[in-house]
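Chemist: The structure is given below, and queries will be raised subsequently.
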């Protein structure tokens, strides 16, 4: 017997879940890419004017 | 359908590019076996996040969450999978900091098990950890081989051999240093590729509204967050993922690879945030496949790829091929180096060996693991049953294992007994074992994955608490660090181990004869995050 459906996610909530997840992936990518670039540039001395 | 030749060409180019990058980066950075197996104190917070996401997010995220969404309970199953995948990273923040505090010169989880408990718990942890990682590796190669066969009719043996071969090239040369660096690059490629693939899929299928309408008209339970079977799946998969990841040497290696405690905190916390939308999106496409009737013939395990073949333009399908290959490569290199590091570190202790033979053994083991995985991956076995079994054992062992980081009264026998208690309950309810148990005299429990996984963890946790309370032997946690020493055997770029000191912190001179003892400048030059000596 199929269990009863108690609550179905509405179309707006479903769209928010899909596009919100995509936006969160983009935010994480932005963080990783910029923070990594900053770490890499810092390690070669770019952030202190190139002086080591 | 993507042509076989195009898919193969793209696969070779992508793998070749990362192999060259990994080898070039590792040059000059792998001086000792210690560098090879831990890449100690080299990754900042962003690189830590990137390598964790790339390592743990294998091709399984294109297979398992979609299958969960399509066949194991729709939305609640997917939500449970997504949240459950994040929990281990959050738990690793306190665990990782504690590990670094107690064993600052450590290398592996098995090293901790032996130093803290003794031989019995050590043997159990070695067996469970290697079993889980081997199954993970074989499952990854099997999964991607099946997926590329479906999308572009690439022979399964070709896919497994190509990925295994390229991964072997850079991991055998650069060990964890190469693995972490390629992981970081792969994460920077994987994240936008995933986003583009998923966004392209949503648009190709008519938008989120069309997907919603298709799902609700096909089966309203797919989008019911309270659907019972889906909730049960979400809960037990969370227990399964948690136990398995806490015994994943690949993650432990990254605790040591982190530059400092702040890198552990931020790196693992952001990784936890990152995996939730990735698993969620992958799962939603399983729901879409089920809604469109693509999984009606039993293709739930490749639900995402069925959708790719059915509804995507060729450029999206091709980007999914690259994505799948990179997802597997970044996980396969982690598992290869992790399994090899466990055995190498333990060989060093058992044989009390140093020097080049130990380094060669580490490299040989990496090769054996990669070749073995490629052979198994080409066979097209169903690895789901093995995966579930490995997860069950890990669910029973991880609480007693980790409790030793804080408890001074939990003994070797107490930890093993707690693990076995959890394993007994888990086995009794595990559906995979039901036919065998039914042959035994007497009543048998009703099979249930939920009871098996939750029971294994909670019973072992309760037994651990009892063993902690009644245990009388006081373990000296402060002395654990003395049990571990750096592995100063020369490796890829190594020369002669440095003389003097206590033999635990010395750095060897490199091939150019630079005698660079440990110091701030040296640490900076060794960074994975792009450091170059000025």
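Chemist: Taking interchain pairs and intrachain pairs at least six residues apart, which have beta carbon atoms under 6 angstrom, with the first residue in segment B:88-105 and crowded, with 21+ Cβ neighbours inside 10 Å and the second not in a helix (DSSP H, G or I)?
Modeler: Sorted first by the residue in segment B:88-105, then by its partner, the pairs are B:103/B:484.
Chemist: Pick from B:194, B:223, B:211, B:205: which is within 11 Å of chain A (Cβ to nearest Cβ), at pLDDT below 85 and surrounded by 23 or more Cβ atoms within 10 Å (Cβ to Cβ)?
Modeler: Being within 11 Å of chain A (Cβ to nearest Cβ), at pLDDT below 85 and surrounded by 23 or more Cβ atoms within 10 Å (Cβ to Cβ) holds for just one of B:194, B:223, B:211, B:205, which is B:194.
Here is a yes/no grid of residues against (1) modelled with pLDDT of 85 or more; (2) in a loop (DSSP other than H, G, I, E, B); (3) surrounded by 15 or more Cβ atoms within 10 Å (Cβ to Cβ):
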| residue | (1), (2), (3) |
| --- | --- |
| B:421 | yes, no, yes |
| B:437 | no, no, yes |
| B:443 | no, yes, no |
| B:457 | yes, no, yes |
| B:464 | yes, no, yes |
| B:496 | no, yes, no |
| B:506 | no, yes, yes |
| B:512 | no, yes, no |
| B:524 | no, no, yes |
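Chemist: Can you name the helices (runs of 4 or more DSSP H) wholly within segment B:25-110 that have at least 3 residues being away from chain A (no Cβ under 14 Å)? Let's see the steps before the verdict.
Modeler: Values: elements: B:33-38, B:45-56, B:60-71, B:74-102.
Counting at least 3 such residues, we get B:33-38, B:60-71, B:74-102.
Chemist: Continuing with the same structure: Working only within segment B:445-455, note down all residues that are loosely packed, with under 15 Cβ neighbours inside 10 Å and under 18 Å from residue B:244 (Cβ atoms).
Modeler: Listed by number, the list is empty, since nothing qualifies.
Chemist: I'd like to know if segment A:1-9 contains one or more residues that are surrounded by 17 or more Cβ atoms within 10 Å (Cβ to Cβ), within 7 Å of another protein chain (Cβ to nearest Cβ), at pLDDT 75 or above and in contact with a helix residue (DSSP H, G or I) (Cβ under 9 Å, 6 or more places away or on another chain).
Modeler: Looking through segment A:1-9, at least one residue is surrounded by 17 or more Cβ atoms within 10 Å (Cβ to Cβ), within 7 Å of another protein chain (Cβ to nearest Cβ), at pLDDT 75 or above and in contact with a helix residue (DSSP H, G or I) (Cβ under 9 Å, 6 or more places away or on another chain).
Chemist: State the number of residues belonging to segment B:113-122 that are at pLDDT 90 or above and assigned to a helix (DSSP H, G or I).
Modeler: 5
The values are calculated or read from the model by the stated rules, or taken from the named source; none is laboratory data. What you see is a predicted model; the values in this text were computed from it and never measured. Positions of Cβ are backbone-derived with ideal geometry, glycine not excepted, and every protein chain shown enters the neighbour counts.
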